[in-house]
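The values are calculated or read from the model by the stated rules, or taken from the named source; none is laboratory data. None of the values given here were measured: they were computed from a predicted structure. Here the Cβ is made from the backbone with ideal geometry for all residues, glycine too, and neighbour counts use every protein chain on show. These accessible areas exclude ligands, DNA and RNA; they are computed on the full protein's heavy atoms, side chains included. Shrake-Rupley method; radii C 1.70, N 1.55, O 1.52, S 1.80 Å.
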Amino acid sequence: MALRRTPLSFLGAQRTRQIFALAITATLAGLGVDRSSARDIERGARLAAACASCHRLDGRDTAIPPIAGVDQDKLVSAMQAFKSGKRPSQMMYIMVRSLTDEEVATVAHYFSTLGKETTQP
């Protein structure tokens, strides 16, 4: 009886298992990135809910700058400046000081993804 050769049989059984394990790991890692990104957006939306009460997400408020669609780095810089007191605003100081640096980045990322063209904060 002749042995039937599979397309990967020239690699050997152990090497074939390693390739399949690597492919499965890469696939699962890719799925984890997608889930993580969705969780970040969801978390950002939850954290940003308090911001929407003043910074209307439709951009129609003229007294308070709209922040939807503003560059993430600009938002992080502005929030850090409020948090440190370098940029004065009692309300923003109160709101931002309760956030960790990671949460500030998450909120900034969320607002930057909304895609609304607005002015710099």
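Does the stretch 61-78 contain any residue that is open to solvent by 60 Å² or more (accessible area, probe 1.4 Å) and modelled with pLDDT under 85? Yes, because at least one residue in the stretch 61-78 is open to solvent by 60 Å² or more (accessible area, probe 1.4 Å) and modelled with pLDDT under 85.
For the stretch 101-121, the set of residues classified as more than 16 Å from ALA49 (Cβ to Cβ) and either at pLDDT 95 or above or assigned to a helix (DSSP H, G or I) (or both) consists of ASP101, GLU102, ALA105, SER112, listed by residue number.
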